[in-house]
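The values are calculated or read from the model by the stated rules, or taken from the named source; none is laboratory data. These figures come from a predicted structure and were not determined experimentally. Here the Cβ is made from the backbone with ideal geometry for all residues, glycine too, and neighbour counts use every protein chain on show. Accessible surface areas use protein heavy atoms only, side chains included; no ligands, DNA or RNA. Shrake-Rupley method; radii C 1.70, N 1.55, O 1.52, S 1.80 Å.
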Amino acid sequence: MSLYHHPTYLLKALAEREQNGILRKLTCTFPEIDFCSNDYLGFSKLGLLDSKIHAQITEQDADGKPMGFGATGSRLVSGNSRIIEETEKQIAFFHHAESALIFNSGYDANVGLLSSVPQKNDLILYDEMIHASIYDGIRLSHSTHYKFAHNDMENLSELIQRHRKDFENIYVVAESVYSLDGDSAPLLELVEICQDFKNIFLIVDEAHGIGVFGKQGRGLCNALSIEKKIFARIYTYGKAMGCHGAAIVGSDILRNYLINFSRTFIYTTALPYYSIEAIKHSYQLLIETNQKDLLQNNIAYFYTKAASIKSIVKSQSGIHAIQLGSNDLVDKLDRELKSINVHARIMKSPMIKQGKERIRFSIHAFNTKAEIDSLIDCLSRFSK
Ligand SMILES: Cc1ncc(COP(=O)(O)O)c(C=O)c1O
């Protein structure tokens, strides 16, 4: 019994989830074999960032500020430093853009961008599979918004044709890698469709693309040589980069606008110094290590072994999924995976569409061949 008094809805909603077997719970104990985390390159798990950061954490900023554990204020108040600005310049240079602006997380970056840039007379067209952070940003904006069917360029073109006369600007939002199945947006087609019209602006979330695709892990836009054609790119640092935070990369004008109008940038304490150091060093690791090649080798190995498993959604990214089609089967496979000490992510309805229930697993640079073999062994028993 709780000592607190609650609105009945809270109790009802939790009881419903419990009854349907979909109550989310925090846990601190995980099976040992990691096919679940977003640490694709192992920068975090292998401790590759730790030693680099420890060495610098006690130093003083060039402005004489102590490098403490708190930024002490928002970037516009007391939380800015030369180190953040230098890191942003390096990020912009690495991603072949004019500017970069660091946000406290990918969630903040997407909400801050989508809620501040599109205006009342504008239209946002977004892929139906976009991440919750993009959707939440869209909901906060005053613009009109419609979704297009996943990766369906005909549907997108039709929506553009139908609506373009009614709006001042159109923003098209996609992800370089979608986090449910690990498939990619057809970015070349998207660019082609958008460049036929004036006042259409493309926004690409590279959360799962950075570190995995492109030269030295610059992302899918880099691999396809379309970086300059994208109005805003979002790179997040909590996945392959093994740390935390995000940057929106684009023009000087976009950066300046976000500093002035993006509420998730303005009204929050800046990232602490050690987070900025971590971001800086993770870019260094992208350049200095061959973790990306190890990841790609493991993905290739996985598919040579998984060729006969039809229900696996093929992907070249770190994310892969097996479609099972019911919550019962998801639970059953989850139990089997746990029994061999494998940690993967379950996705049940109604969080995702009924019939599309699946288990998602991430392949990492550090997974051993034996680990991949045991995963395949287990999945093949569920293969259709
Ligand atoms: C596509 C995508 N964008 C943004 C985010 C949010 O990033 P962060 O974890 O840095 O808040 C995620 C995280 O799951 C994501 O998958």
Selection within region 94-124 - within 23 Å of GLY182 (Cβ to Cβ) and surrounded by fewer than 22 Cβ atoms within 10 Å (Cβ to Cβ): SER105, TYR107
Answer yes or no as to whether LYS305 is of a type in the set (Lys, Arg), farther than 30 Å from HIS163 by Cα and outside any loop (DSSP other than H, G, I, E, B). yes
So which residues in region 290-305 are open to solvent by 80 Å² or more (accessible area, probe 1.4 Å) and either modelled with pLDDT under 95 or within 16 Å of GLY209 (Cα to Cα) (or both), if there are any at all? ASP293, THR304, LYS305
Members of region 4-59 found to be of a type in the set (D, E, K, R), out of contact with any Gly (no Cβ under 6 Å at 6 or more places or on another chain) and within 16 Å of the ligand (Cβ to nearest atom), listed by number: ARG24
Scan region 339-371 for residues that are among the β-branched types (Val, Ile, Thr), more than 17 Å from TYR303 (Cα to Cα) and touching a strand residue (DSSP E or B) at 6+ places or on another chain (Cβ under 7 Å) and jot them down. VAL342, ILE346
So which of GLY137, GLY182 ends up being in contact with a strand residue (DSSP E or B) (Cβ under 8 Å, 6 or more places away or on another chain) and small (Gly, Ala, Ser)? GLY182
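Looking only at region 267-276, which residues are open to solvent by less than 30 Å² (accessible area, probe 1.4 Å) and in a helix (DSSP H, G or I)? Reasoning before the result, please.
Step one: of region 267-276, the residues open to solvent by less than 30 Å² (accessible area, probe 1.4 Å) are 270-273, 275-276.
Within region 267-276, TYR273, SER275, ILE276 meet the criteria.
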Residue among SER115, SER141, SER157 that alone is assigned by TED's automatic domain parsing to the domain that holds ARG233, within 15 Å of the ligand (Cβ to nearest atom) and polar (S, T, N, Q): SER115
All but one of (1) farther than 28 Å from GLN19 by Cα; (2) outside the structural domain of PHE94 (by TED's automatic domain parsing); (3) open to solvent by less than 40 Å² (accessible area, probe 1.4 Å) hold for PHE361, so report the exception by its number. (1)
Return yes or no: is ILE102 within 16 Å of the ligand (Cβ to nearest atom), out of contact with any Leu (no Cβ under 9 Å at 6 or more places or on another chain) and either in contact (Cβ under 8 Å) with a residue 24 or more places away in the chain or more than 24 Å from LEU156 (Cβ to Cβ) (or both)? no
Quick check on ASN151: is it under 20 Å from the mean Cα position of the chain (by Cα), polar (S, T, N, Q) and at positive phi? yes
